[in-house]
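Heads up, the thing below is written out as structure tokens.
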Amino acid sequence: MNDRTALVTGANKGIGHHIARLLAAEGFIVYVGSRDAGRGQEAAAEIGSGARPLVLDVTDEDGVARAAARIDRLDVLVNNAGIAVTLDSPTESTPAEFRRTYETNVLGVVAVTNAFLPALRRSARPRIVNVSSGTASLAWSTGPNPQFTPGSGSAAAYRSSKAALNALTVLYAQTLGEPFKVNALAPGARATDLNPRARVRGGDPEEGARGAVGLALLPDDGPSGGFFSWDGTPVPW
């Protein structure tokens, strides 16, 4: 019997929901992390067999500890929960908007990862996937022909928080070592609530989710401490 387990934070909707569904289809018991108990139960019921709702607010350290106490062993952790409080430039954003963004997108990842490390260490092949953003790539944001330009609407709080998440990805990979595989994913612009600009023209969220599942299923000789696009292509830091 397959007893592989996975936790996906922010899995009641969007890319996270697709990641949870795809992992369940791979035979995992998937804990569907959601701040709201009702929405988490609905999402787990929609996924069906193998899905388990788990109340998890990544900004609530006590709540994270209670959730971690429920899981003895974990093979895959997908840190997907993220918010974009404002799309403004750094000069137009407030410290409060930066703080709220970082509490979820950075500190929440630290809280969840550290709380679930004992369970992950009981796995023979622990995998951690941090859902980042291509807009966090400093290489893509600089140079003579930047892909992502600054200015009004540059989502400074969100993008800088994901750049910090990328740094954490490298540090966790270096600290944990083998057999851990810790990587960051750039899922691409997807039609989700997080990205209102992409609701009309954005790509299919499931396509981005498949990139996370690929990193969750990495073989023993797979990479760690990397940043990858949804299709497996390395992304420059």
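A few points about this structure:
- Checklist (1) without any contact (Cβ under 8 Å) to a residue 12 or more places away in the chain; (2) touching a helix residue (DSSP H, G or I) at 6+ places or on another chain (Cβ under 8 Å) applied to PRO90, failing item: (1)
- Some residue of region 126-138 being within 19 Å of LEU217 (Cβ to Cβ), assigned to a loop (DSSP other than H, G, I, E, B) and of a type outside the set (Lys, Arg): yes
- The set of residues in region 46-58 that are buried (at least 16 other Cβ atoms within 10 Å of the Cβ) and either on the phi < 0 side of the Ramachandran plot or among the hydroxyl-bearing types (Ser, Thr, Tyr) (or both) comprises ILE47, ALA51, ARG52, PRO53, LEU54, VAL55, LEU56, ASP57, VAL58.
- Candidate set: region 20-45, residues that are touching an Asp or Glu at 6+ places or on another chain (Cβ under 9 Å) and among the aliphatic types (A, V, I, L, M); chosen: the one surrounded by the fewest Cβ atoms within 10 Å (Cβ to Cβ): ILE29
- Within region 112-135, the set of residues being surrounded by fewer than 20 Cβ atoms within 10 Å (Cβ to Cβ), aliphatic (A, V, I, L, M) and touching a helix residue (DSSP H, G or I) at 6+ places or on another chain (Cβ under 9 Å) comprises just one member, LEU117.
- Only one entry in LEU165, LEU218, LEU138 is surrounded by fewer than 21 Cβ atoms within 10 Å (Cβ to Cβ), modelled with pLDDT of 95 or more and out of contact with any Leu (no Cβ under 6 Å at 6 or more places or on another chain), namely LEU218.
- Residue match in region 48-65 (condition: small (Gly, Ala, Ser), under 22 Å from ALA212 (Cα atoms) and touching a Ser or Thr at 6+ places or on another chain (Cβ under 8 Å)): no
- Single match in ASP75, ASP3, ASP62 (criterion: surrounded by 18 or more Cβ atoms within 10 Å (Cβ to Cβ) and of a type in the set (D, E, K, R)): ASP75
- Residues in region 187-215 that are surrounded by 20 or more Cβ atoms within 10 Å (Cβ to Cβ) and either modelled with pLDDT of 95 or more or in a helix (DSSP H, G or I) (or both): PRO205, GLY208, ALA209, GLY211, ALA212, VAL213, LEU215.
The values are calculated or read from the model by the stated rules, or taken from the named source; none is laboratory data. Everything quoted here is computed from the prediction, not taken from an experiment. Backbone-built Cβ (ideal geometry, glycine too); neighbour counts: all protein chains shown.
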